[in-house]
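Take a look at the structure set out below.
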Amino acid sequence: MKNIVILISGGGSNMAAIVRAAQRDHWARTLGARVAAVISNRADAAGLAYAREQGIATAVLDHTSFGSREGFDAALAALIDRQDPDGQPALVVLAGFMRVLTPGFVRHFEGRLMNIHPSLLPAFTGLHTHARALAAGCKFAGVTVHLVTAQLDEGPILAQAVVPVLGTDTAQTLAGRVLTQEHLIYSRAIASYLRA
């Protein structure tokens, strides 16, 4: 069984959409995969409660308890690796995990570390993507699922979804429509990755 470990920092809406898709589409039977754990760097992350309600193991590793980014990432990698008692490496899915990961962490999970970003990469890496798309006069925005590399918001693109920018859009209204697509595309990209 392939284990999926999802990392979150907040409400976990993308994580919840992935869990619902895994249940609805019977990933354990059809893909030989399951969401094994949800880990957060914040004890108050609301998504942890949802994961627990679904019977998924949860853990909190507070990044503020570590003196360095490298120390936190090493402890996080060890915690993720413990989710695979049979030795099969986990697929690590970043779903609103608001930490920039160190090159060592990325190398450790190379080829099995996935992220979702609310823009049509390579455009608008980093933060404030919707406001930047509006300021640039974009006619389209969207979302990208990609494998993580050491460069922020780069790496092989696995899937994208396009959202039209409306003349009445604000950063908030555009973000809401993009989030709807995030909830659809992330689970599809994970399933495609697992089938490959």
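Values quoted throughout were computed directly from the atomic coordinates according to the rules given, and no laboratory measurement underlies them. Remember, predicted model here, so these are calculated numbers, not experimental data.
Remark: the residue 30-residue 184 segment gains 53.6 nm on full extension, using 0.36 nm per residue and subtracting the alpha carbon distance.
Taking all Cα-Cα distances within the chain, those exceeding 22 Å account for 47%. On a per residue basis, the convex hull of the C-alpha atoms belonging to region 1-110 measures out at 91 Å³. Among beta bridges from DSSP that stay inside the chain, the antiparallel ones total about 40%. The helix-based estimate of mean residue ellipticity at 222 nm for the chain, built from -39,500 (n - 2.57) per DSSP H run of four or more residues and divided by its residue count, is -11500 deg cm²/dmol to the nearest 500. Full extension of the chain segment joining residue 79 with residue 20 gains 18.8 nm, where the gain is 0.36 nm per residue of separation less the Cα-Cα distance.
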